[in-house]
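Step one of this worksheet: look at the structure below.
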Amino acid sequence: MPYAVKRTGFYALVVFIVLFSVFPFYYAILTSLKSGTALFRVNYLPVDFSLANYEGVLTNGVFPTNILNSVILAVVVVAISLFLAVTAAYALSRINFAGRGLLLLTILAVSMFPQIAVLAGLFEMVRWAGVYNTLFSLIFAYMIFTLPFTVWVLTTFMRDLPIEIEEAAIVDGASPFTIVMRVFLPLMWPALVTTGLLAFIAAWNEFLFALTFVSNNATRTVPVAIALLSGASEQEIPWGTIMAASVIVTVPLIVLVLIFQRKIISGLTAGGVKG
Amino acid sequence: MANLKLTKVRKAYGSVEVLHGIDLDIRAGEFVVFVGPSGCGKSTLLRVIAGLEDITGGTLEIGGRVVNALTPKQRGIAMVFQSYALYPHMTVYDNMAFGLTLEKGTGKEEIDRRVREAARILQIEPYLDRLPKALSGGQRQRVAIGRAITRDPQVFLFDEPLSNLDAALRVQTRIEIARLHERMEGTTMIYVTHDQVEAMTLADRIVVLNKGHVEQVGSPMELYNSPDNLFVAKFLGSPSMNILPATIESAGATTRVVPQGGSTVDLPVATPGSLQGKPAHLGIRPEDLSVSDDRAAPFRGTVVLTESLGEVTLVYIDIGRADEPFVAKLPGEVAMERGTRIGLTARPEAMRLFDESGQAIRSQMRRAA
């Protein structure tokens, strides 16, 4: 096949993939800027420009509180998950104990249960613990899906860190906690950023648990709040407001990825030991 | 200032024992080199002394104190790793200061003074602000040594520190380590290597290890001149000692031996009569052999191969033994056609006799020689 054809084919594919992944979001932005009956006219280029929907969603009742809830929830979930996962990863990757393999497999198995399967049981636990209708219930529930993959990814990553560096730190008199905090953590930035982002996104987008464990409007998180946005009458679905809210909650994710992609640099251990 | 005393030190991984009761006394301020082939347990022994591996049995004393259950830090040791093992995210300065910052009661000025002193000794002052990845291999190894110096250890451990360096740098760093030992008077140093040149040049005493046992302990020249057994005899020296199976024809004040592939030689070694007629091993170092035109030269054969190294020539000779060729190390350049028949001889005092089990047979006369 001639070079030109290959090249054209390649870029056609790129354009297709970009369109496929970006178009829905682009269309959400377009819709969020329309108002009134313009909402129901289909067009692919921005013709209207009205911020009324944004104004509406941000001044309407508890939506700003919902955003704050989501931020607090996601940040706390990420912080606790990473702390537990890093300490667990040290034990699972560097300390030999009976049943280590079994424990790792169990952790993996936990992440295989569908959310709906554990929902009823979790609900009972949440009621029993007295955290129903609070963010604590969600912090607790989200660990179920964030911890397995953070533990697995960090364990794999830590296992690949050179053992001599740890031994050098032991000879230098560092305790296991000092080794994890001052020697391993700085070397694990790429893994921490990646797993932290994934955990953040998972917590940010989660719907089912958030819908079930919280019934109070002011305690809801953003995905549930958006789904429950209602218009003036039961028959009207407020597409403009929903799209504006969706755009608002997507922006933080994009900003986070852009900030941290600089941190995802490879070869951080270069120079420590002979390759 | 600390001596080390190992008493019946054993190390086992599960049911596999890799160190079988090591007894060793190391004097304070001594430079001791552990040497042996791969898998002989020399690195394991060093790691046991360091405290990176538990001791399965026996006791280890440093400075008269049993340290079996102490951490590396409490033992007062510092270690230089083969792969440098620097902290990649810290500058050279922080790498060297890290151990000190973990100690309570060491002030900032004191840390700074010690780091700069170590940097001055090792000539790495210009690189203090660099990260390890911006350094060459030799510089990295010096930082690793510097990190150990700042800790001011009682015992300094080296685990094959030169094996990742290229040949020229290896010689240079070897000399620096020898100087460092002179400078750090009173600091005991233990050095693991498989390189016999490093062992011979650096050591006050060499410990030859084989399969988890100590074969012999002694100064480099003791080991070279009077090896206790066949293993030590073959391990030190390059090319290694020629060993010929032999029979003791007559024992007594001097011993008459008939080696396979050679003619009868009389050795100035006294042997007990019980060895009369018994099999033995005759060892001759390649450098002790010289060409002889004498028809009575004990070793005669045809040249198989010559290797010219410049200052010496190695000549491989077939003397009618199937297994290993007989090697002679002759001074200067020696031109010899393949297939040439030559005779070789050695002074009887330079030949070593080992009994059937490989133990050296020595006598007072041999020692005097």
- request: Identify all residues within the range B:95-111 that are within 15 Å of B:GLN139 (Cα to Cα) and either not assigned by TED's automatic domain parsing to the domain that holds B:ALA148 or not aliphatic (A, V, I, L, M) (or both); write none if there are none.
  value: B:ASN95
- request: Output the residue which, of all residues in the range A:77-122 that are over 28 Å from A:VAL193 (Cβ atoms) and β-branched (Val, Ile, Thr), is surrounded by the fewest Cβ atoms within 10 Å (Cβ to Cβ).
  value: A:ILE116
query: Can you tell me which residues in the range B:136-164 are part of a loop (DSSP other than H, G, I, E, B), at pLDDT below 90 and away from every other protein chain (no Cβ under 11 Å)?
result: B:ASP152
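For residues that are aliphatic (A, V, I, L, M) and in contact with a helix residue (DSSP H, G or I) (Cβ under 7 Å, 6 or more places away or on another chain), scanning just the range B:136-163, find the one that is farthest from B:ILE190 (Cα to Cα).
Looking only at the range B:136-163, we keep the residues that are aliphatic (A, V, I, L, M), and these are B:143-145, B:148-149, B:155, B:157, B:162.
Then drop every residue that is not in contact with a helix residue (DSSP H, G or I) (Cβ under 7 Å, 6 or more places away or on another chain), which leaves B:143, B:145, B:149, B:157, B:162.
On the way: B:VAL143: 19, B:ILE145: 13, B:ILE149: 14, B:LEU157: 5, B:LEU162: 14 Å.
Looking at the filtered set, the residue picked out is B:VAL143.
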message: Looking at the range B:327-339 only, could you name the residues that are modelled with pLDDT under 90 and within 19 Å of B:SER263 (Cβ to Cβ)?
response: none
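Identify, from the list B:ARG10, B:ARG27, the residue that is more than 14 Å from chain A (Cβ to nearest Cβ), touching a Gly at 6+ places or on another chain (Cβ under 6 Å) and farther than 26 Å from A:PRO176 by Cβ.
Values: B:ARG27 fails: touching a Gly at 6+ places or on another chain (Cβ under 6 Å).
From the options B:ARG10, B:ARG27, the qualifying one is B:ARG10.
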message: I want to confirm something. Restricting to the range B:293-315 and keeping residues that are among the aliphatic types (A, V, I, L, M) and touching a Pro at 6+ places or on another chain (Cβ under 9 Å), which single residue is farthest from B:ILE243 (Cα to Cα)?
response: B:VAL312
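Just name the residue that is nearest to B:ASP152 (Cα to Cα) out of those in the range B:184-193 that are modelled with pLDDT of 90 or more and out of contact with any Ser or Thr (no Cβ under 6 Å at 6 or more places or on another chain).
This residue is B:THR187.
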query: Just one of B:ARG151, B:ARG142 is closer than 25 Å to A:LEU161 by Cβ and in contact (Cβ under 8 Å) with a residue 40 or more places away in the chain; which is it?
result: B:ARG151
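Of the residues A:SER215, A:SER230, only one is outside any helix (DSSP H, G or I), without any contact (Cβ under 8 Å) to a residue 12 or more places away in the chain and either small (Gly, Ala, Ser) or under 17 Å from A:PHE145 (Cβ atoms) (or both); which?
Values: A:SER215 fails: without any contact (Cβ under 8 Å) to a residue 12 or more places away in the chain.
After ruling out the rest, the residue left standing is A:SER230.
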task: Select from the range B:107-135 the residues that are crowded, with 16+ Cβ neighbours inside 10 Å, in a helix (DSSP H, G or I), within 14 Å of chain A (Cβ to nearest Cβ) and out of contact with any helix residue (DSSP H, G or I) (no Cβ under 6 Å at 6 or more places or on another chain) and list them in ascending order.
output: none
query: Restricting the search to the range B:1-28, which residues are surrounded by fewer than 17 Cβ atoms within 10 Å (Cβ to Cβ) and either aliphatic (A, V, I, L, M) or within 18 Å of the chain's Cα centre (by Cα) (or both)?
result: B:MET1, B:ALA12, B:VAL16, B:ASP23, B:ASP25, B:ARG27, B:ALA28
message: On the basis of being within 14 Å of chain A (Cβ to nearest Cβ), under 23 Å from B:ALA118 (Cβ atoms) and out of contact with any Leu (no Cβ under 6 Å at 6 or more places or on another chain), does B:LEU169 make the cut?
response: yes
message: Of the residues A:VAL15, A:VAL57, only one is within 30 Å of A:THR219 (Cα to Cα) and part of a helix (DSSP H, G or I); which?
response: A:VAL57
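Specify the residue that is surrounded by the fewest Cβ atoms within 10 Å (Cβ to Cβ); the eligible residues are those in the range B:38-55 that are more than 17 Å from B:ILE190 (Cα to Cα) and touching a helix residue (DSSP H, G or I) at 6+ places or on another chain (Cβ under 9 Å). Explain how you work it out, then say what you get.
Going residue by residue through the range B:38-55, those that are more than 17 Å from B:ILE190 (Cα to Cα) are B:38-39, B:54-55.
Going one step further and asking which of them are touching a helix residue (DSSP H, G or I) at 6+ places or on another chain (Cβ under 9 Å), we end up with B:54-55.
On the way: B:ASP54: 11, B:ILE55: 18.
Looking at the filtered set, the residue picked out is B:ASP54.
Condition first: of a type in the set (Val, Ile, Thr) and surrounded by 21 or more Cβ atoms within 10 Å (Cβ to Cβ). Now tell me which residues in the range A:130-153 satisfy that.
Keep residues of the range A:130-153 that are of a type in the set (Val, Ile, Thr), which gives A:131, A:134, A:139, A:144, A:146, A:150-151, A:153.
Selection gives A:THR146, A:THR150, A:VAL151.
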- line: Per the filter on the range B:332-349, residues in contact with a helix residue (DSSP H, G or I) (Cβ under 9 Å, 6 or more places away or on another chain) and closer than 12 Å to B:SER290 by Cα are B:ALA346, B:ARG347
task: With the checklist (1) within 21 Å of B:LEU46 (Cα to Cα); (2) outside any loop (DSSP other than H, G, I, E, B) in hand, flag the one item B:ILE175 doesn't pass.
output: (1)
- prompt: When the range B:249-260 is examined, which residues are found to be touching a Lys or Arg at 6+ places or on another chain (Cβ under 7 Å) and more than 13 Å from B:GLY283 (Cα to Cα)?
  reply: B:GLU249, B:SER250
query: Looking only at residues in the range B:54-83 that are among the charged types (D, E, K, R) and facing another protein chain (nearest Cβ under 10 Å), which one is nearest to A:SER175 (Cα to Cα)?
result: B:LYS73
task: Examine the range B:84-93 for a residue that is within 8 Å of chain A (Cβ to nearest Cβ) and within 25 Å of the chain's Cα centre (by Cα), and state whether such a residue exists.
output: yes
field: Residue satisfying all of: in the range B:94-106; over 18 Å from B:ILE124 (Cβ atoms) and in contact with a helix residue (DSSP H, G or I) (Cβ under 9 Å, 6 or more places away or on another chain); farthest from the other protein chains (Cβ to nearest Cβ) among these
entry: B:THR106
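The values are calculated or read from the model by the stated rules, or taken from the named source; none is laboratory data. All figures in this text were calculated on a predicted structure; none of them were measured in a lab. Here the Cβ is made from the backbone with ideal geometry for all residues, glycine too, and neighbour counts use every protein chain on show.
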